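Below you'll find the structure, written out as structure tokens, and then a few comments.
The numbers here are math on the coordinates, done by the rules we state, and not lab data. Just so it is clear, the structure is predicted and the values come from calculations on it, not from any experiment. Here the Cβ positions follow ideal geometry from the backbone for every residue, glycine too, while neighbour counts run over all protein chains shown.
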Amino acid sequence: MARGRGEARSDVVITPADQPIRVAVLGAGNVGGALVSLLLTEGDAIAARSGVRFELAGVAVGDVARSRPGVPAELVTGDAKGLVSGPGVDVVVELIGGLDPARQLVETALSMGRPVVTANKELIAACGAALADAAAGSGVDLLYEAAVAGAIPIIRPLRESLAGERIRRVVGIVNGTTNFILSTMSEQGLSYADALDEAQRLGFAERDPAADVDGHDAAAKAAILASLAFGSVVVGTDVPREGISSVDPVDIAFADRLGYVVKLLAVAERFDNDGPAEGGPEISVRVHPAMLPRTHPLAAVRGAFNAVFIEGAAAGELMLYGRGAGGMPTASAVLGDLIDAAHHLRSGSAGRVVPRSGARIRPADELLCAWYLSIDVADRPGVLAAVAQVFGAHEVSIRSMEQVGLGDEARLIFLTHVARAGDVRRTIEGLRQLDVVDRVGGVLRIVGDQDDD
Ligand SMILES: NC(=O)c1ccc[n+]([C@@H]2O[C@H](COP(=O)([O-])OP(=O)(O)OC[C@H]3O[C@@H](n4cnc5c(N)ncnc54)[C@H](OP(=O)(O)O)[C@@H]3O)[C@@H](O)[C@H]2O)c1
């Protein structure tokens, strides 16, 4: 027998196929506005493609007085809480961003047995596990495909297609602003400041770019990717991060000559290949600029594009590529989740619950990789020996060295063999103590070479 909306079977609401799914949209900014426009202008086509007809129950905003072309005024409300908990809502879409009031609104929806779709990486990175438990407790979906890498399907592949895969490493270019800035520095020879200006002029960077250029945004996404890839609870504050503001065009030019490109990477790695010990898998999650060989698939990701490269034990290497931001691309990912939530509502089921354990995070100083270091020194005899002695004292083995004259000074460019990060850190501290060393400039990890595995 068909059941009407609101008729509960245990704690799950069954919505029959001939009834529209009523959606409460919280936020009508870049993404919320694009989603509303898709639902209103493409409703018939979406119904034909997906078998689901959506109806807007309401659109909550911060400032109701603001004019919003394309959003019917009668749907707009300033009372997000009233909309979420009011009658006639099947699914809640949270597109406000940040922690407050998004968290309370999502919790309210889930506690009422209403599935939630969100694009909010900050929220999922901070309390995704608790919200997933709340969703599982109510037997409904919490879906967040758009929270990482915008339009690129990455959450569903990790949660479903690769559910049985032993994932070794996930490396992502997950922030379009920083990728645009680094690509522009590389391709046009611009300084960091000029490339940032250009990104702001073209709308690829905010007026206050800190969340992007300092790596906060990428760190939240890295936490979400690691949590899914390794079945662990990793939160944004677990992720050490370095931004791109100290990357110098000279380092990018050297990288180019040596066959590398410089990218801001979100890296999630698992070390216990024989299975997790007590306390969960041993992992590392981090965000930093790095030199990637020009032949690496991620090296070809230019401008504001994103990509995520996955290495699995059985699947081998996979890469997903596309637009990581923008109202419409992100709304497309939200719509995919909405359709999933609608089908689950109809069948009285919910999406997959990923089992989670803790994780042992390997200390940053113990991580191994090869390094690039650029050091400005006095150009006089004996300097090279003094510098090399510091590397040797800390067991950092030099793979190659190049010297460039700079008047009375010289710039020494070192590539090291694989070394422990703590040893490299102590080497840099030691070099700074030498009176012949004027400055330790660029310090970049080298990722993706054969011998760094
Ligand atoms: N933009 C992207 O390309 C992108 C990509 C991936 C993920 N995301 C994520 O998507 C989410 C939305 O981003 P966005 O760029 O669309 O943000 P946005 O343009 O700043 O829009 C935020 C919306 O939330 C509304 N709002 C603020 N406080 C509210 C409250 N208390 N109650 C109800 N509504 C409130 C704002 O209202 P007013 O209009 O009145 O100010 C605005 O409509 C964020 O979590 C973001 O991280 C965005």
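So how far apart, in nm, are the two label points at Arg380 and Ser400 if each is 7 Å from Cα heading toward Cβ?
Reported label-point gap for Arg380 and Ser400 is 3.1 nm.
Just from its helices, what would the mean residue ellipticity at 222 nm be for the chain, if runs of 4 or more DSSP H residues each count -39500 (n - 2.57) and the sum is divided by every residue, rounded to the nearest 500 deg cm²/dmol?
So the calculated ellipticity at 222 nm is -10500 deg cm²/dmol.
Per 0.36 nm of contour for each residue apart, how much would the distance between Arg420 and Arg166 grow if the chain were fully extended, relative to their Cα-Cα spacing?
88.9 nm
By counting other Cβ atoms within 10 Å of each Cβ, how are Cys127, Cys369 ranked from fewest to most?
Cys127, Cys369
Where does each of Asp208, Asp141 land when they are ranked from fewest to most other beta-carbon atoms within 10 angstrom?
Asp208, Asp141
Give me the extension gain from Glu366 to Ser245: residue separation times 0.36 nm, minus the current Cα-Cα distance, reported in nm with one decimal.
Using 0.36 nm per residue and subtracting the Cα-Cα distance, I get 41.1 nm.
Provide Glu122, Glu42 in ascending order of the number of other Cβ atoms located within 10 Å of each residue's Cβ, fewest first.
Least crowded to most crowded, the residues run Glu42, Glu122.
Going from the alpha-carbon gyration tensor of region 192-289, what semi-axes, largest first and in whole Å, does one get by taking the root of 5 times each eigenvalue?
31, 18, 9
Per the Cauchy relation, a quarter of the hull surface: what is the mean projected area of the convex hull of the alpha carbons in region 319-364, in nm²?
Taking the Cα atoms of region 319-364, their convex hull projects to 6.2 nm² on average.
Express the relative contact order of region 249-355 as a whole percentage, based on alpha carbon pairs under 8 Å and six or more residues apart in sequence.
Relative contact order comes out at 16 percent.
Among the DSSP beta bridges whose two residues both lie in the chain, what percent are antiparallel, rounded to the nearest 5?
For the chain, the DSSP antiparallel bridge percentage is about 70.
Compute the Kirkwood hydrodynamic radius of region 325-453, taking the inverse of the mean of 1/r over all pairs of distinct Cα atoms, and give it in Å to one decimal.
About 18.5 Å for region 325-453.
Return a whole-number percent for the relative contact order of region 158-262, with Cα pairs under 8 Å and 6 or more residues apart as the contact set.
29
Considering the convex hull of the alpha carbon atoms of region 87-137, report its projected area averaged over all viewing directions, in nm², one decimal.
For the Cα atoms of region 87-137, the hull's average projected area reads 3.2 nm².
After finding the eigenvalues of the alpha carbon gyration tensor for the chain, what semi-axes result from the square roots of 5 times each, listed largest first in whole Å?
After scaling each eigenvalue by five and taking roots: 47, 24, 17 Å.
For region 381-446 and region 116-165, what is the separation of their Cα centres, given in Å?
Between the Cα centres of region 381-446 and region 116-165 lies a distance of 43 Å.
Quick one: the Cα spread of region 81-237 along its three principal axes, in angstroms, biggest first?
Projected onto the principal axes, the Cα atoms of region 81-237 cover 55, 41, 25 Å.
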